[in-house]
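For reference, the structure discussed in these notes is given below.
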Amino acid sequence: MRILGACPLDCPDTCSWIVTVDDGKAVKLRGNPDHPYTRGALCVKVNRYLEHTQAADRILYPMRRVGPKGSGRFERITWDEALEEISARLRAIVDEHGGEAIWPYLGTGTLGYLQGCEGVAGRRFWNLLGASKHWLNICSAAGSSGLNRTNGTAAGMDPENFALAKLILLWGTNTLTSGHHLWKFIQDARANGAYVVAIDPIRTRTADQADEYLAIRPGTDAALALGLLNVVLAENAQDEEFLAEHTEGWEEFRQEILGHPVEKVAEITGIPAAAIHSLGTRLARTRPTAIRATHGLQRHAGGGTALRTIATIPGVTGDWRHPGGGVAFSTSGHVHLSVDQRDDLLAKPVRTLVMTKLASQLHDVKCLWVYAANPLGSTPDANAIRRQLAREDLFTVVMEQFPTDTVDYADIVLPATMQTEHYDLHAGYGHMYLLWNEPAVEPPGECLSTTETFRRLAAHMGMTEPSLYDSDLELAEQLLSSGHPSLEGITLDRLRKEGWVRMNYPKPFAPFAEGFPTPSGRLRFPRAGQAYVPSYTARESGRSPYPLALVTPASHTFLNTIFGNNPELRRRAKDPVVLVNRADAAARGLADGQRVRVHNDGGEFLADVEISDRVSAGVVASQKGRWPKLSPGGANPNAVVAERDADMGKGPGYHDNLVEITAV
Ligand SMILES: Nc1nc2c(c(=O)[nH]1)N[C@H]1C(S)=C(S)[C@@H](COP(=O)(O)OP(=O)(O)OC[C@H]3O[C@@H](n4cnc5c(=O)[nH]c(N)nc54)[C@H](O)[C@@H]3O)O[C@H]1N2
Ligand SMILES: Nc1nc2c(c(=O)[nH]1)N[C@H]1C(S)=C(S)[C@@H](COP(=O)(O)OP(=O)(O)OC[C@H]3O[C@@H](n4cnc5c(=O)[nH]c(N)nc54)[C@H](O)[C@@H]3O)O[C@H]1N2
Ligand code: SF4
Ligand SMILES: [Mo]
């Protein structure tokens, strides 16, 4: 039997997959060859997903803590015992401290609209208790806000239309690692003569495959955008008609561009003036130009501004006229499912707690409810979080599949289903399709889905609100019922039968050829002084005892911290390394392969030096995704990532921290 499903992980590609089930057991999982974006391939990580669902360390039963917090010692209990203890604790906390003392901490473990963070998982239940709201800002908040300011939405190009581009900028994005399905469309473009440029402080595997690579100083992308536009103006290649019809604030922004000549931008970005000039000339002369700018460049103090300013480029060149032109950050804004948080169930307005501020906002919280998240592995300022999680007055519940570092601090652990075991509805953030995930097998042990866990808890607490008991299929019907034209004709029946359906957008698609979803219908250029915000590392360099700028991007073998415990993927990932330029290694007397402490005031993690010309002097890099407890020294890079906000959306600064490196 073949069951159609979808990859639930936080990856733009949201692949369509096919599970082969034999005698009630899932025996094979592969990419769906019929899906136009998946094109039959999954990835190095998810090729092991089935093996992962059957792993020996899978959490299968509810558990109660028996050792000290952090020890990871638990005893098995029944679901009834778990629900009874949880109900009693939640009621007592609400009575004594009010509902806002509860923090439902929902992460990106699954992007499902039923089981995960894209939907309303548990929110009806939390609203009835009056729990604090949770702002999932951990990933794309800065960039999304920046794009919104310019375009009125964070949505842009259909990534499939990269095949139509003649110039492609891969800007702060590691396509071959973090969403490789775009590459086939880039290859199609190349077959028609497209030129590909990667802009990244690290010469990544993607940069290796590009025609040209620009090593940019971290956090200076907005300045580069202004420099490129400076050349476009010098070439007189601005699209005057598009500017007049579809933009506002051009004259002021034009002055800003003129204030950023190539030499000045070279100084800010560290990119040679000749390279900026040559790319600017190429940009001026090549229509359409497609820009893939994703998350890397917005994990900085000026990350919102970076996207805001990059988004002006196709407004100046008129690239939005063409389906193969524009900026592709995320397609989420094209998704119009009906996600209703049911705030009418709240007795009074409640505060919002910020996902990346766990370390500083947990102090007056009495119940932390973690689901589909692994804050000890993924959230900034890990050492401060660890101190908070050790508090005896904090009641921590973790719904999990695997015994993460965060689980080790739980009072109660609830076993969660994986994607082959539950229903879900998905939309990609890197393509234009909706996907349905049909369960292929029965959950192992006593695992329950997110939706079912909250239904049972509500029943145990005697809650009477009928909508708490909507079934998964009813919830899916509700999500599809927004009435938006992009969903017309897309029914649950059809999705269940076909597995995936393209939303109703033209193919090819030029989303802003006729205007923008702003109040005036026009693209909004930044005002004077709003187009570039320096990074924290730039502001502090020379004044801080920590001289090296650390970048901590996606790992090829892990998906955030998911798969961090998979033996084969860990074997492939080898020991953690920190890339160090030859000059910085020499200045510290460090040898290739030497174990070092990467440290600052927040803490330290251990890694082996890889002396490399993949990073420039002053920049070091080490990847995210390892489990702290499975790493040397018990820490990953988030020990040195400070809890600081980007300029917009309170986005985190994962790639904007200063460190020193010292031999162990
Ligand atoms: N294999 C794998 N795939 C993943 C993930 C994973 O962990 N592993 N994570 C998933 C998730 S949650 C997300 S959000 C995406 C993230 O994937 P991406 O959007 O690709 O983001 P990052 O990996 O953070 O960074 C991408 C690149 O930006 C570069 N960069 C850092 N700072 C700057 C800068 O200031 N300017 C420029 N121009 N470049 C900069 C980094 O060096 C890196 O090579 O990937 C998803 N896909
Ligand atoms: N240093 C550094 N840190 C980063 C980043 C970076 O670039 N650098 N990137 C950040 C980004 S982009 C993101 S999105 C965050 C991700 O941070 P988180 O949202 O915390 O995601 P993960 O660390 O992958 O943890 C997700 C957990 O959810 C569990 N899970 C998966 N599916 C389900 C399910 O269906 N139900 C339940 N109950 N649990 C499930 C998994 O087992 C896993 O332990 O990390 C951020 N952390
Ligand atoms: S992680 Fe991304 S590339 Fe890999 S299977 Fe999932 S959606 Fe596809
Ligand atoms: Mo993310």
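The values are calculated or read from the model by the stated rules, or taken from the named source; none is laboratory data. Computed from a predicted structure; not experimentally measured. Here the Cβ positions follow ideal geometry from the backbone for every residue, glycine too, while neighbour counts run over all protein chains shown. Please note that ligands, DNA and RNA were not included when accessible areas were found on the heavy atoms of the full protein model with its side chains. Shrake-Rupley method; radii C 1.70, N 1.55, O 1.52, S 1.80 Å.
Considering the stretch 173-208, the residues that are open to solvent by 20 Å² or more (accessible area, probe 1.4 Å) and more than 16 Å from ligand 1 (Cβ to nearest atom) include one that is nearest to PRO508 (Cα to Cα), namely ASP188.
Return yes when GLU75 is open to solvent by 70 Å² or more (accessible area, probe 1.4 Å) and within 16 Å of ligand 2 (Cβ to nearest atom) and no when it is not. First the steps, then the outcome.
On the way: open to solvent by 70 Å² or more (accessible area, probe 1.4 Å): yes; within 16 Å of ligand 2 (Cβ to nearest atom): no.
No: the conditions fail for GLU75.
Only one of the numbered conditions (1) out of contact with any Leu (no Cβ under 8 Å at 6 or more places or on another chain); (2) closer than 30 Å to VAL46 by Cα is violated by THR518, and that is (2).
Per the listing LEU83, LEU106, LEU111, the residue uniquely within 16 Å of ligand 3 (Cβ to nearest atom), among the aliphatic types (A, V, I, L, M) and open to solvent by less than 50 Å² (accessible area, probe 1.4 Å) is LEU111.
If I ask for residues that are within 16 Å of ligand 3 (Cβ to nearest atom), open to solvent by 10 Å² or more (accessible area, probe 1.4 Å) and in contact with a strand residue (DSSP E or B) (Cβ under 8 Å, 6 or more places away or on another chain), which ones from the stretch 134-172 would you list? Hit for the stretch 134-172 is SER140, nothing else. Would you check if there is a residue in the stretch 633-645 being under 30 Å from GLN54 (Cβ atoms) and either surrounded by fewer than 21 Cβ atoms within 10 Å (Cβ to Cβ) or in the same structural domain as SER178 (by TED's automatic domain parsing) (or both)? Taking every residue of the stretch 633-645 in turn, at least one turns out to be under 30 Å from GLN54 (Cβ atoms) and either surrounded by fewer than 21 Cβ atoms within 10 Å (Cβ to Cβ) or in the same structural domain as SER178 (by TED's automatic domain parsing) (or both). Tell me, please, whether a residue that is under 23 Å from GLY302 (Cα atoms), basic (Lys, Arg) and modelled with pLDDT of 95 or more can be found in the stretch 213-232. Within the stretch 213-232, one or more residues are under 23 Å from GLY302 (Cα atoms), basic (Lys, Arg) and modelled with pLDDT of 95 or more.
Residue-wise test of (1) at pLDDT 95 or above; (2) in contact with a Gly (Cβ under 6 Å, 6 or more places away or on another chain).
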residue	(1), (2)
ASP13	yes, yes
ARG30	yes, no
THR38	yes, yes
LEU50	yes, no
ILE59	yes, no
GLY109	yes, no
GLY119	no, no
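Restricting the stretch 168-199 to residues that are farther than 24 Å from GLY219 by Cα and small (Gly, Ala, Ser), which is nearest to ligand 4 (Cβ to nearest atom)? Per the stated criteria, the residue is ALA189. Out of VAL609, VAL577, VAL664, VAL596, one residue alone is within 27 Å of ASP10 (Cβ to Cβ) and either away from ligand 3 (no atom under 16 Å from the Cβ) or modelled with pLDDT of 95 or more (or both). It is VAL577. Among the conditions (1) farther than 29 Å from GLY633 by Cβ; (2) within 12 Å of ligand 2 (Cβ to nearest atom), PHE395 misses just one, which is (2). Between THR317, THR352, THR356, the distinction of being in the same structural domain as ALA225 (by TED's automatic domain parsing) and among the β-branched types (Val, Ile, Thr) belongs to THR317 only.
Entry remark, the stretch 277-300: residues being under 19 Å from ILE202 (Cβ atoms) and of a type in the set (A, V, I, L, M, F, W, C) number 4 in total. Of all the numbered requirements in (1) in a helix (DSSP H, G or I); (2) at positive phi, LEU90 misses one, and that requirement is (2).
Pairs only if they're at least six apart or on different chains, beta carbon under 9 angstrom, first in the stretch 4-23 and without any contact (Cβ under 8 Å) to a residue 24 or more places away in the chain, second within 15 Å of ligand 2 (Cβ to nearest atom); list them, first residue then second. Pairs found: ILE18/GLY5; THR20/ALA440. The C-beta contact set for the stretch 611-625 (first residue within 17 Å of ASP208 (Cα to Cα), second residue open to solvent by 60 Å² or more (accessible area, probe 1.4 Å) and in a loop (DSSP other than H, G, I, E, B), distance under 7 angstrom, 6+ apart or interchain) comprises ARG614/ARG203.
In this structure, LEU60 does satisfy being open to solvent by 20 Å² or more (accessible area, probe 1.4 Å), in contact with a Cys (Cβ under 9 Å, 6 or more places away or on another chain) and either assigned to a loop (DSSP other than H, G, I, E, B) or within 16 Å of ligand 3 (Cβ to nearest atom) (or both). Looking only at the stretch 263-299, count every residue that is buried (at least 23 other Cβ atoms within 10 Å of the Cβ), hydroxyl-bearing (Ser, Thr, Tyr) and part of a loop (DSSP other than H, G, I, E, B) and tell me the total. Adding up the residues that qualify gives 1. Residues that are closer than 15 Å to HIS134 by Cβ and assigned to a loop (DSSP other than H, G, I, E, B) occur at least once in the stretch 350-361. GLY70 meets each of the listed conditions (1) more than 16 Å from ligand 1 (Cβ to nearest atom); (2) without any contact (Cβ under 8 Å) to a residue 40 or more places away in the chain; (3) under 30 Å from the mean Cα position of the chain (by Cα) apart from (2). Here are the criteria: (1) more than 16 Å from ligand 3 (Cβ to nearest atom); (2) of a type in the set (Lys, Arg); (3) touching a Ser or Thr at 6+ places or on another chain (Cβ under 9 Å). Tell me which single one ARG572 does not satisfy. With respect to (1) more than 16 Å from ligand 3 (Cβ to nearest atom); (2) of a type in the set (Lys, Arg); (3) touching a Ser or Thr at 6+ places or on another chain (Cβ under 9 Å), ARG572 is out only on (1).
Take the conditions (1) under 23 Å from the mean Cα position of the chain (by Cα); (2) away from ligand 1 (no atom under 16 Å from the Cβ); ASP34 misses just one of them, which is (1). When the strands (runs of 3 or more DSSP E) confined to the stretch 1-51 are screened for residues that are within 8 Å of ligand 3 (Cβ to nearest atom) and basic (Lys, Arg), none reaches at least 2 such residues.
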